[in-house]
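Take a look at the structure set out below.
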Amino acid sequence: MTRDPRFDILFTPVKLGPKTIRNRFYQVPHCNGAGTNYPGMNMAHRGVKAEGGWGAVNTEQCSIHPESDDTLRITARIWDQGDMRNLGAMVDHVHSHGALAGCELWYGGPHAPGLETRTISRGPSQYASEFGTVPGCPGFTYNHAADKDELHRLQQQYVDAALRARDTGFDLVNVYGAHAYGPMQWLNPFYNRRTDEYGGSFENRARFWVETLEKIRRAVDNDVALVTRCAVDTLYGGKGVELGEDGLRFIEMASPYLDLWDVNIGDIAEWGEDAGPSRFYPIAHENDWIRHIKQATNKPVVGVGRYYDPEKMLQVVSAGIVDIVGAARPSIADPWLPRKIDEGRVDDIRTCIGCNVCISRWEMGGVPFICTQNATAGEEYRRGWHPEKFEPAKSDNDILVVGAGPSGSECARVLMERGYTVHLVDKAEKIGGYVNDVATLPGLAEWSFHRDYRENQLQKLVKKNKSGQIALGQKAMTADDVLSYGASRVVIATGARWSSTGVNYKTHDPIPGADAGLPHVLTPEQVFEGKAVGKRVLIVNYDPYYMAPSLAEKFARAGHEVTVATTCALGAYMDYTLEGPNMQRLIHELGINVIGETGCSRIEPGRAELFNLFGDGYKRQYKGTGQLPRKENDSHSWHECDSVILVTGRVSQDGLYRELKARKDEWEKNGIIDVFVIGDAESPRLMADVTFDGHRLAREIEDEDPQHQTPFKREQRAWGTAYVPGQNPDLEWRL
Ligand code: ADP
Ligand code: SF4
């Protein structure tokens, strides 16, 4: 297939000073949890995007000096030869696919806690970071107000890092001033309270940034294109940087030193205003600000706004809002997005659902990232997974997959990509499993992209392979049905359900009186099925993610009086997905009553007994066997309500799998080689993790022990060895 000529403009090159980007697709800097700690992961993850057609591929934030140390969050560093070597692997890989490689020079100030290096950062004034430098702990980290010697030293740190980036082979050197980092702290009066020539007036506040660009330009000359990432509006009015004031003036002032502007909005404490979750922000949500930038500069402009849709990309470039489309999440969900447009395969694009689970992994710190849509994200190097290439089937086995939720549908898709004959069977009328329900919750409609991608691909693959089938709306399969089906391998992906008796992580027991068989008690699934809910709703919540706040929003919007009694902070995990602050605002705005640190001990018609988790006293002592070491919790009180919704815990629906396992002696005579369980049926997890699960099994289904992971390559330093990624096979992980 060939490209629709309407998209031609997206494939025209743009000159960026001394460099030329081949097209209008630019992977903006984004974290992936690799940093320079996992050079193989970084190389392969960025490289596959260059292969997939992105014109430029950037590092994540790359620390210029040990003073900018984000530990326990993993970031890139360009401190020394070792870092250069590690980043060089990425540069070479990106170059080998014809893309430009960019390095984002980062100095965090107090937004970097320095937990590993124990250094102190410098800034225009002294302030405490409003960001959770240690997750959940804003106000924890302070900087030191730089005197003039120190600010020149800091500028020199940028220059030295820029030279190291150039010598590593990077084409683009990007001075990172978005998300309240580095030079933005000098421009922004929220931070900059100086009274010398680096503070006060706009010209003075802009001086540090402009001088730094000037110094870098002098040092690197025309060897690299110079870029700056700039938040043109910090979104807190006149106390910060506003587009119509300092924002556009700065663009005008700094343009002569730059070859490209990389613009966005927001700060670091609420950077979900930039990396907007789909729950709150649609595609192109930054355009009200970004559309003004080109009035202030004649340099090319790249802008972001979760551009997953080629039509929207075309629209912003054709309208001259930006010259180049920037993307982080859409490039993670589909590293081959540009190539698919180029090849006329727009409907094969794996669209980012805007869940921000990728970001959640970086936010919590210390772990490689994952993606809900793209199970291969982060796995390109260590497992050797390519998002678009699959090892052909090793046999002509027929495979039965029971359950077409996120894990079953992904497993079936990858098996079909490999050429297996797959029978995907579900009692539901539609592919998607629980996503079909979740996507009906307020703000979560775009999560259905997960289902849509698989639905479309599976239908195409059945046609292409001329084998297999998707059988929906079937009667629920029993063990007898499976045994007599005629498949040689069986994958059970029957999902999980919310506990109907209130079993929860605190007690591991049901809550007395919690019985979803009764009219006044409901599980979330029963809500989706339409079971009646009274005027006064109590949500008993023991879950840290989206279900309880989403149901609270749903019922509050429908006019119910909603109370949530919650053990953990309501939607605690949503702080990591950047949905937290706006969700809290919404809960407040809708008048939802949240009772924190609260469990439920009993449910009766018309009321539920609640208690404070810490009502059992702080003193503990040994009182003998069978006695509580603390006092009896004396905080119990009754809460009146008409309906109780139990968001207490999830339970794997693994009965079919367990019965098949128990009847193992019948497998052989029925031609069955193996039976596997995946996804929530094995253990309830994030959608990203169960999608990964299905994907993994499909890749490894004829490996030695497919139910359990095949070892991956660890990027680990072994004492006394020269560590070169990929060249120390003896260091590979063995289970
Ligand atoms: P996961 O998140 O692990 O993919 P889901 O709960 O989303 O799990 O999906 C499980 C799917 O399995 C649902 O669509 C459900 O209808 C289907 N299912 C469960 N049990 C059976 C069964 N015995 N026969 C056929 N389909 C089943
Ligand atoms: Fe998009 Fe979610 Fe994947 Fe992040 S994890 S890229 S938000 S689909």
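The values are calculated or read from the model by the stated rules, or taken from the named source; none is laboratory data. All figures in this text were calculated on a predicted structure; none of them were measured in a lab. Methodologically, a virtual Cβ is constructed for each residue, glycine included, from the backbone with ideal geometry; neighbour enumeration extends over all protein chains shown. Please note that ligands, DNA and RNA were not included when accessible areas were found on the heavy atoms of the full protein model with its side chains. Shrake-Rupley method; radii C 1.70, N 1.55, O 1.52, S 1.80 Å.
I need the full set of residues from segment 164-187 which are in a helix (DSSP H, G or I) and under 18 Å from Gly247 (Cβ atoms), in order please.
Once the filter is applied, which keeps residues that are in a helix (DSSP H, G or I) and under 18 Å from Gly247 (Cβ atoms), segment 164-187 yields Met184, Gln185, Trp186, Leu187.
Within segment 505-535, how many residues are in contact (Cβ under 8 Å) with a residue 40 or more places away in the chain and not in a loop (DSSP other than H, G, I, E, B)?
Qualifying residue count, segment 505-535: 6.
Do we have Met416 as in contact with a Leu (Cβ under 8 Å, 6 or more places away or on another chain) and within 30 Å of Ala296 (Cβ to Cβ) here?
Criteria not met by Met416.
Can you go through Thr71, Thr117, Thr12 and tell me which one is without any contact (Cβ under 8 Å) to a residue 40 or more places away in the chain and surrounded by fewer than 20 Cβ atoms within 10 Å (Cβ to Cβ)?
Answer to the check: Thr12.
Results for (1) modelled with pLDDT of 95 or more; (2) β-branched (Val, Ile, Thr); (3) closer than 30 Å to Tyr618 by Cα, shown as yes or no for each residue.
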{"residue": "Asp642", "(1), (2), (3)": "yes, no, no"}
{"residue": "Val647", "(1), (2), (3)": "yes, yes, yes"}
{"residue": "Arg650", "(1), (2), (3)": "yes, no, no"}
{"residue": "Gln653", "(1), (2), (3)": "yes, no, no"}
{"residue": "Leu656", "(1), (2), (3)": "yes, no, no"}
{"residue": "Lys669", "(1), (2), (3)": "yes, no, no"}
{"residue": "Ile673", "(1), (2), (3)": "yes, yes, no"}
{"residue": "Val690", "(1), (2), (3)": "yes, yes, no"}
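With at pLDDT 95 or above and either within 16 Å of ligand 1 (Cβ to nearest atom) or over 29 Å from Met41 (Cβ atoms) (or both) as the only criterion, which of Lys294, Lys340 stands out?
Going through Lys294, Lys340 in turn, the sole match is Lys294.
Tell me, please, whether a residue that is surrounded by 18 or more Cβ atoms within 10 Å (Cβ to Cβ) and in the same structural domain as Gly517 (by TED's automatic domain parsing) can be found in segment 626-641.
yes
Among the residues that make up segment 366-381, is at least one of them more than 16 Å from ligand 2 (Cβ to nearest atom) and either more than 30 Å from Asn86 (Cα to Cα) or among the β-branched types (Val, Ile, Thr) (or both)?
No.
Which numbered condition trips up Gly320, out of (1) closer than 17 Å to Trp54 by Cα; (2) surrounded by fewer than 21 Cβ atoms within 10 Å (Cβ to Cβ); (3) of a type in the set (Gly, Ala, Ser)?
In the conditions (1) closer than 17 Å to Trp54 by Cα; (2) surrounded by fewer than 21 Cβ atoms within 10 Å (Cβ to Cβ); (3) of a type in the set (Gly, Ala, Ser), Gly320 misses (1) alone.
Just checking, which of Leu610, Leu551 is open to solvent by less than 40 Å² (accessible area, probe 1.4 Å) and either in the same structural domain as Cys355 (by TED's automatic domain parsing) or in a helix (DSSP H, G or I) (or both)?
Leu551
Which fully enclosed strands (runs of 3 or more DSSP E) of segment 240-346 have 2 or more residues being under 26 Å from the mean Cα position of the chain (by Cα) and within 30 Å of Phe692 (Cβ to Cβ)?
324-327
Taking the condition of being in a helix (DSSP H, G or I), within 14 Å of ligand 1 (Cβ to nearest atom) and open to solvent by 10 Å² or more (accessible area, probe 1.4 Å), how many residues in segment 454-482 meet it?
Residues meeting the conditions: 3.
Can Asp674 be described as among the charged types (D, E, K, R), open to solvent by less than 70 Å² (accessible area, probe 1.4 Å), more than 15 Å from ligand 1 (Cβ to nearest atom) and more than 24 Å from the chain's Cα centre (by Cα)?
yes
If the requirement is being assigned to a loop (DSSP other than H, G, I, E, B) and out of contact with any helix residue (DSSP H, G or I) (no Cβ under 6 Å at 6 or more places or on another chain), which of these qualifies: Pro110, Pro138?
Within the list Pro110, Pro138, the selection yields Pro138.
Suppose we filter Leu154, Leu163 for residues that are under 18 Å from Pro66 (Cα atoms), among the hydrophobic types (A, V, I, L, M, F, W, C) and open to solvent by 20 Å² or more (accessible area, probe 1.4 Å); which single one remains?
It is Leu163.
Which one of the conditions (1) surrounded by 24 or more Cβ atoms within 10 Å (Cβ to Cβ); (2) in contact with a Gly (Cβ under 9 Å, 6 or more places away or on another chain); (3) part of a helix (DSSP H, G or I) does Arg229 fail to meet, given that it meets all the rest?
Condition (3) is where Arg229 drops out.
Here is a list of conditions, (1) within 16 Å of ligand 1 (Cβ to nearest atom); (2) of a type outside the set (Lys, Arg); (3) in a loop (DSSP other than H, G, I, E, B), and His423 meets all of them except one; can you say which number that is?
The one condition His423 does not meet is (3).
Mind listing just one residue for me: the one in segment 347-370 that is outside any helix (DSSP H, G or I) and within 16 Å of ligand 1 (Cβ to nearest atom) and, of those, surrounded by the fewest Cβ atoms within 10 Å (Cβ to Cβ)?
Ile370
Can you tell me which residues in segment 283-312 are at negative phi, in contact (Cβ under 8 Å) with a residue 24 or more places away in the chain, touching a Lys or Arg at 6+ places or on another chain (Cβ under 8 Å) and within 16 Å of ligand 2 (Cβ to nearest atom)?
Result: Ile283, Tyr308.
Yes/no per residue for (1) farther than 30 Å from Ala479 by Cβ; (2) in contact with a strand residue (DSSP E or B) (Cβ under 7 Å, 6 or more places away or on another chain):
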site: Glu597; (1), (2): yes, yes
site: Gly606; (1), (2): yes, yes
site: Asn612; (1), (2): yes, yes
site: Gly617; (1), (2): yes, no
site: Gln621; (1), (2): yes, no
site: Asp642; (1), (2): yes, yes
site: Ser652; (1), (2): no, yes
site: Glu659; (1), (2): no, no
site: Asp665; (1), (2): no, no
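Among (1) small (Gly, Ala, Ser); (2) more than 16 Å from ligand 1 (Cβ to nearest atom); (3) assigned by TED's automatic domain parsing to the domain that holds Ile673, where does Ala393 come up short?
(3)
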